[in-house]
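Computed from the coordinates by the stated procedures, all read-outs in this text should not be read as laboratory data. Note that the coordinates shown come from a computational prediction; the quantities given were computed from them, not determined experimentally. Cβ coordinates were reconstructed from backbone atoms using ideal geometry, including for glycine residues, and neighbour counts include every protein chain displayed.
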Amino acid sequence: MRPQAGLLLMGRYQLRSRIALGGMGEVWRAWDVDAERAVAAKVLRPELAGQEAFLARLRAEARNSAGLHHPNIAALLDYGEQDGSGFLVMELVDGEPMTALLERRGTLPAAELLPVLAQVARGLHAAHAAGVVHRDVKPSNILLPPGGPVKITDFGISLAAGQPALTAAGMVMGTAQYLSPEQATGRPATPLSDLYALGIVAYEALAGRRPFTGRTEVEIAVQHVDAPVPPLPDDVPAPVRDVVARLLAKHPALRPPSGEALARELDRLARPSHAPSCSVPSAASAPRPGTVRRRRDRTRRAMGAVGVGLATTIGAMAPGTVPSTPGIGTLALPEDSGAAGARETDRMTARDS
Ligand SMILES: Nc1ncnc2c1ncn2[C@@H]1O[C@H](COP(=O)(O)OP(=O)(O)O)[C@@H](O)[C@H]1O
Ligand SMILES: [Mg+2]
């Protein structure tokens with residue numbers, strides 16, 4: 001099934017015009033003939049149709065987002081399969097993704113960014129409360145309708161509690177630039193991993209660049225594990241720098257405890273009356289001398305984990321599948337091979353910080 005204008009899905013949803021080409025799907029503005037309203041339809045990219053692995057992901061996306069009802073999550077309306085392909089029908093969000101805004105503006109002032117982050121945090125909290133970890137929080141999955149509530153989209157690699165892994169054993173999914181240290185060392189993503197990714201989004205919007213870059217995904221992943229976060233520009237208010245620093249804490253226990261707690265803190269910071277003296281000590285302050293060597297050890301172990309994992313996956317993957325698919329930044333890491341060691345030193349570092 002090749003998505004094109006006029007195509008009628010299940011006799012009900014007529015594709016009108018393409019909105020975006022994502023890693024897994026084409027997103028179309030469509031018309032719901034029965035309900036007589038505009039909707040969005042995410043149809044599996046034609047080159048992925050018939051591939052059971054991608055259909056399974058789309059089904060999981062449908063299943064995981066079906067139970068999520070929150071003003072900050074793009075609502076799922078329907079799911080169907082036709083001619084070996086699958087599609088999701090969603091609430092149509094008339095707005096641009098945050099990537100477009102950042103491309104146009106470069107940076108966002110804190111006053112503008114904080115309410116966006118608070119809304120994303122509330123949407124994530126609703127998902128977390130329902131047992132779903134998004135695992136792909138990044139600007140292209142945050143939609144900004146003018147004047148309307150911010151919407152999180154793309155539960156394509158989300159994970160629900162108790163759900164069987166769709167990823168081959170020992171591999172994790174994510175986008176390298178937004179990957180939490182725990183995922184980069186082969187451990188499972190938790191709600192606090194989504195908050196880490198939101199911290200990267202916040203950093204990127206305030207600084208106009210991501211904290212960690214590199215020539216390869218491995219280089220980037222290693223920095224998430226061990227590199228200190230470069231300071232945010234001085235003109236970012238100190239309490240905002242502080243909350244971003246805590247979101248980007250290497251150890252999950254040092255991050256804000258939940259999306260809701262984070263949202264409340266961001267609301268407080270966004271109030272004009274907020275006094276900078278409300279700042280709390282930063283989790284990203286300079287390391288105490290005794291921690292430096294342990295961090296070096298951790299880097300070596302993480303590099304082992306990431307390097308071996310990537311090599312394994314690329315070797316195991318059929319040509320022309322995931323790596324050639326734009327937008328699916330899939331990092332594959334083994335769950336052991338160094339991760340256990342990293343876990344131990346991680347705990348030591350956490351105690352010291
Ligand atoms: N419900 C929606 N309404 C309007 N546009 C959407 C909607 N969902 C996604 N999009 C657009 O399509 C793009 C890709 O969608 P996404 O779900 O992220 O697909 P992929 O899994 O392929 O990355 C988004 O960045 C956004 O621009
Ligand atoms: Mg996406």
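Below is a table of values for the structure above.
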{"quantity": "For Asp94, Asp242, order by how many other beta-carbon atoms lie within 10 Å, fewest first", "calculated": "Asp94, Asp242"}
{"quantity": "Point-to-point label distance, Arg2-Arg105, nm (Cα→Cβ direction, 7 Å offset)", "calculated": "4.0 nm"}
{"quantity": "Backbone N under 20 Å from the Ala261 label point (7 Å along Cα→Cβ), restricted to the range 225-248", "calculated": "239-248"}
{"quantity": "Förster-model FRET efficiency, 25 Å R0, Ala66 and Ala129, C-beta, rounded to 0.05", "calculated": "0.95"}
